[in-house]
């Protein structure tokens, strides 16, 4: 067997057979092969700066002997290398202490026909891969659009195309191969000079080339963001209403997802550990985790353990409905796994009925947060504290840009006092509209 002539499934099957032949009777094994590539172009000041065309291919093996588990990987797919990998992984498993979380999905638990079920999700662009000329043209269009705004220049401009194939095979019969692609144009812009410089960035991530917006739209957006920050300054400290723009509100949902991880709940390290069925968000808020969205960045028919995914309302009318459960965390909690062994898929806060402008109009004094810095929040206590920048709101109007402030509160209170706008944009694997929260603490000058 050689890596030039063998398919991914051939390599996985051979390695699985070698491992089971080496291991004691009753042992189990899982093989995962990842193949990925990235084409990336950088330009600046109208000239090409970089071009990368990287490819990686590796195979990993996990061996389970009772509750003993060991894993190892290799980028060498020769027959001798696969035999060595199997032999050494089995030896490691025999020498590893028992781990009650070491388990594989059994037949009846894992999803059958994964490849057929993945087709409607349309995660892979079957068109020709972009060449360097196409990627450069996209990048130049980004830069030219940004520079058309007076006083703005670019700090970096990049476009990339990513593709991957993941193949999984287990001794229990799970067999899956899923392909995906993504196109990512992005740029960082600078407005002003010297000590008055302000920066911003814009980007998009799309599975298919045809779903990308015009590069001019992204470039102009980044330029306008940087220009709008000119003249930013801190504001006096105090209690204020905070609006989290839809570009930063997904960060709050990411913290929520961490707090409902089955493992965090079992270990008692989540501030929501005793909140199942309780009101955790305002009563009109629903959070849906949907792995079935065609071309969605988080869409998948199953998690990496093979457990089927399905659409779940994690929060319905403000009440917590589900934990994120892997095989191991479900067993610990005495529940059934729900295909969230990898976390959320596409987590969406459903939009409200009030426009963003109307939410702003109802604020006497507050901050519209458009960027956050640092990660000092505590998911065990729910304490939240982040550096932030954005715009001051006075008497229902945006009056000036602000920076060098810190916003603090407790996530439990924040979630319960959250009001969503109607400006949801479903373009990332975690998405939320602009949200308003009353009575947060702002530390400024």
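Averaging the Cα positions of each part gives two centres, and for the range 11-45 and the range 60-79 these lie 9 Å apart. Which of 303, 289, 76 moves most in a GNM of the chain, Cα contacts under 10 Å? Largest GNM mean-square fluctuation: 76. Relative to the longest principal Cα axis of the chain, at what angle does helix 249-259 sit, 0 to 90 degrees, rounded to 10? So the helix axis and the longest Cα principal axis differ by about 40 degrees. Pairs of Cα atoms nearer than 8 Å and 6+ residues apart set the relative contact order; for the range 267-334 it is 36 percent. Residues 7, 370, ranked from the fewest to the most other C-beta atoms within 10 Å, line up as 7, 370.
By the gyration tensor of its Cα atoms, with a ≥ b ≥ c the square roots of the eigenvalues, what is the shape of the chain: rounded for a/c under 1.5, prolate for a/b over b/c, or oblate? It is oblate, given that a/c is not under 1.5 and a/b is not larger than b/c.
Our helix-only sum for the chain, with -39,500 (n - 2.57) per DSSP H run of n ≥ 4 divided by its residues, gives a mean residue ellipticity at 222 nm of -7000 deg cm²/dmol. Axis of helix 132-147 versus longest Cα principal axis of the chain: the two differ by about 20°, to the nearest ten degrees. Seen against the Cα atoms of the chain and their longest principal axis, helix 215-228 is set at about 50 degrees. A straight chain from residue 126 to residue 408 at 0.36 nm per residue would run longer than the Cα-Cα distance by 96.9 nm.
How would 429, 6, 329 line up from fewest to most surrounding beta-carbon atoms within 10 angstrom?
Details: 429 20, 6 17, 329 23.
Sorted ascending by nearby Cβ count, the order is 6, 429, 329.
The ranking of 316, 397, 220 by Cβ neighbour count inside 10 Å, starting from the fewest, reads 397, 316, 220.
Pairs of Cα atoms under 8 Å, at least six residues apart: use those to get the relative contact order of the chain, whole percent. Could you put the intermediate results ahead of the total?
Numbers: 1116 pairs, mean separation 64.3, N = 445.
Averaging sequence separation for qualifying contacts and normalising by length gives 14 percent for the chain.
Summary of the geometry: the range 256-302 and the range 87-112, compared by the centres of their Cα atoms, lie 27 Å apart.
Here the extension length gained between residue 275 and residue 230 equals 11.9 nm, from 0.36 nm per residue of separation less the Cα-Cα distance. If R0 is 51 Å, the Cβ-Cβ spacing of residue 148 and residue 113 corresponds to a FRET efficiency of close to 0.50. Which of rounded, prolate, oblate describes the range 207-278, given a ≥ b ≥ c as roots of the alpha-carbon gyration tensor eigenvalues and a/c under 1.5 marking rounded, otherwise prolate only if a/b is larger than b/c? Here the range 207-278 falls in the oblate category. Look at the alpha carbon pairs under 8 Å that are at least 6 residues apart: their mean separation over the length of the range 383-445 gives a relative contact order of 30 percent. Taken along the Cα-to-beta-carbon direction at a fixed 7 Å, the label points for residue 217 and residue 179 span 2.7 nm.
All of the numbers you see were taken from the coordinates with simple rules; none came from a lab. Since we're looking at a predicted model, the values are computed, not measured. Every residue, glycine among them, receives a Cβ derived from its backbone with ideal geometry; neighbour counts consider all protein chains shown.
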